[in-house]
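A.B. asks: Submitted below is the structure of interest, expressed as structure tokens.
What follows draws every value from the coordinates through simple rules; no lab data is involved. It should be emphasised that the depicted structure is a prediction, and the values quoted were computed from it without experimental measurement. Quick reminder, even Gly has a Cβ in these numbers, built from the backbone with ideal geometry, and neighbours come from all protein chains shown.
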Amino acid sequence: MKNTLIEVRQLFRLAFPLMGAQLAQMGMGVADAIMAGNYSSVDLAGVALGTSILWPVMLLFMGLVQAVTPTVSQLNGARDYLEIGEVIRQGLWLALIGGILGSFILNNIGGVYEWLNVDAAAAAISIPYLAMCSMGLPALMCFFALRFLADGMGFTRPALLISVSALALKIPLNYILIHGKLGLPELGGVGCGVAQAIIMWFQLFLVVFVVTGRRFHKTHWLRRITPPDWLRIKRLLVIGLPIGATIFAEIGLFSFTTLLLGQFGSEVVAAHNISMNINGIFFMPPMALGMAATIRIGFRVGEGDALHARSTALIAMCSTILVALFGALFIFLLRKELVLLYTPEHNLVNLASQLLLFVVFFLLLDASQSTAAGALRGYKDTRVPMVIALFSFWVIGLPIECALGFGWLGEPMGIYGFWIGLSCGVATASLLLTLRLWVVSGNAKIIHRLSLR
């Protein structure tokens, strides 16, 4: 019992700053939605469409870099600090390449909107919004690489401080750029994209200040600049590509759903975006527990302590379920009041409030699958979770939502059919990832094989 309480404290010591950091990051998206929504519903829809592209692209390449966290945490457990330094140098190369590729994608997205017959007024805002965001993406990827260095070494507080600082700057920047204050042009929703690019560079500046501190001197990551080591980069990609694909599978389905809903008009897209924003806020604490589980389990595996690693996984899953239950109850009781924070428009409030009933249902499942995936990353188990995610969201979720939403099997259910499909995908992922975690955490041979990556 004493060891369990110690592990709970260690897990939440890591998780609380990550929760705050994730909520602050999510808060920037919420600020965009609220401030663009108060400017006009068309600007809200345009920003919603833009974020439906930005987030999957950003998280896909962030996933590549996220291989740094389990790699560093296992090396930290083994006290191999010099190798940590080399991992970070190569992680920065990977981050820079990913950021440049992501920027290219964001600047060439117009054809996708035409293919999906997205509302033209919303697309006219979304395309320049993405172009502005692309200017900061390389900086953001490098920020993530250095943040994951700190996270992997159990130093998660900087993530919180940086994210809160970024949010505090983002809100006034949004206001100035959306409404054209201080003599600047009135940009509407596009101003959110300009502000986002500025924030990305701001975050990089702050994290560089953190990781040049004394705590990280033992890694000697700044001792020299090394050229790309493709063998080490390949090792990171072996772990990171499946992480990116796993995250992309879920976020990509949510975003693709937004694009499909673009055919139903700006009001439906706006209501969907509001509901997804609120879901995202309450999803952040469980997600942070999964990230903390990655760090703690990786450290335990690096120490050669598989038994305590499994205890950490169990504690993380139980904690996630408890946190998600409180979140679901809060949404159920205050769903209308939450929507009113985004928009005063009566039709939007009614539709988004109804959609939040779906969030109440699947928040628990979404939270548990995220934490299970995070725990598995601590073991460097990323390929099987990737397959599970792709199957759950794109083989189960997408066909069901299209069949019900577009009425392939009967009367079209519209947006409600799409949300039923999303719920089915999340439920499948939750069940399969939890089973995978149970198998891996109890098998010493699998743990040893995965740790050699």
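A.B. asks: How do THR382, THR294 line up, fewest other C-beta atoms within 10 Å first?
C.D. replies: Going from sparsest to densest Cβ surroundings: THR382, THR294.
A.B. asks: Classify segment 92-229: rounded, prolate or oblate, from the alpha-carbon gyration tensor (a ≥ b ≥ c, eigenvalue square roots; a/c under 1.5 rounded; otherwise prolate if a/b is larger than b/c)?
C.D. replies: oblate
A.B. asks: Next question, about the same structure. Is it possible to state the helix-based mean residue ellipticity at 222 nm for the chain, with each DSSP H run of 4+ residues giving -39500 (n - 2.57), the sum divided by total residues, to the nearest 500 deg cm²/dmol? What is it?
C.D. replies: Calculated mean residue ellipticity at 222 nm is -28500 deg cm²/dmol.
A.B. asks: Something else: Only counting other Cβ atoms within 10 Å, I'd like TRP408, TRP55 sorted with the fewest neighbours first.
C.D. replies: TRP408, TRP55
A.B. asks: For a protection proxy built on the mean count of beta-carbon atoms within 10 angstrom, sort 139-150, 182-193 highest first, please.
C.D. replies: 139-150, 182-193
A.B. asks: How would segment 98-137 be classified by its alpha-carbon gyration tensor: rounded, prolate or oblate, with rounded meaning a/c under 1.5 and the a/b versus b/c comparison settling the rest?
C.D. replies: Judged from the Cα gyration tensor, segment 98-137 comes out oblate (a/c at least 1.5, b/c at or above a/b).
A.B. asks: Mean Kyte-Doolittle of at least 1.0 plus a Cα span of 30 Å or more along the axis: flag which DSSP H helices in the chain meet both, please.
C.D. replies: Once both thresholds are applied, what remains is 41-65, 81-106, 157-179, 190-211, 230-261, 306-340, 346-378, 415-441.
A.B. asks: Can you order the peptides 197-209, 219-231, 67-79 by their average number of other Cβ atoms within 10 Å per residue, highest first?
C.D. replies: 67-79, 197-209, 219-231
A.B. asks: Right, here's the next one. What's the center-to-center distance, using Cα atoms, between segment 42-78 and segment 183-223 in Å?
C.D. replies: Between the Cα centres of segment 42-78 and segment 183-223 lies a distance of 15 Å.
A.B. asks: Quick one: length gained pulling LEU357 to PHE406 fully straight, 0.36 nm per residue minus the C-alpha distance?
C.D. replies: 15.6 nm is the gain from fully extending LEU357 to PHE406.
A.B. asks: So the label point goes 7 Å from the Cα of LEU161 along Cα→C-beta, right? Which residues of segment 47-75 then have their backbone N under 16 Å from it?
C.D. replies: From segment 47-75, the list is empty.
A.B. asks: Now, a different point. Take PHE104 and LEU169, extend 7 Å from each Cα along the Cα→Cβ direction, and tell me the distance between the two endpoints in nm.
C.D. replies: It works out to 2.9 nm between the two label points.
A.B. asks: Treat the count of other C-beta atoms within 10 Å as a stand-in for reagent exposure and order ILE297, ILE88 from fewest to most.
C.D. replies: Ranking ILE297, ILE88 by Cβ neighbours within 10 Å, fewest first, gives ILE88, ILE297.
A.B. asks: Shifting gears a bit: Starting from the Cα-Cα distance between LYS336 and ARG223, subtract it from 0.36 nm times their residue separation and give me the gain in nm to one decimal.
C.D. replies: Separation in residues times 0.36 nm, less the Cα-Cα distance, equals 35.2 nm.
A.B. asks: Same structure again: Using the charge dipole of the chain (Lys, Arg: +1 at Cβ; Asp, Glu: -1 at Cβ; taken about the Cα centre), state which of MET19, GLY302, TRP394 has its Cα farthest towards the positive end.
C.D. replies: Projecting each Cα onto the dipole axis, the largest value belongs to GLY302.
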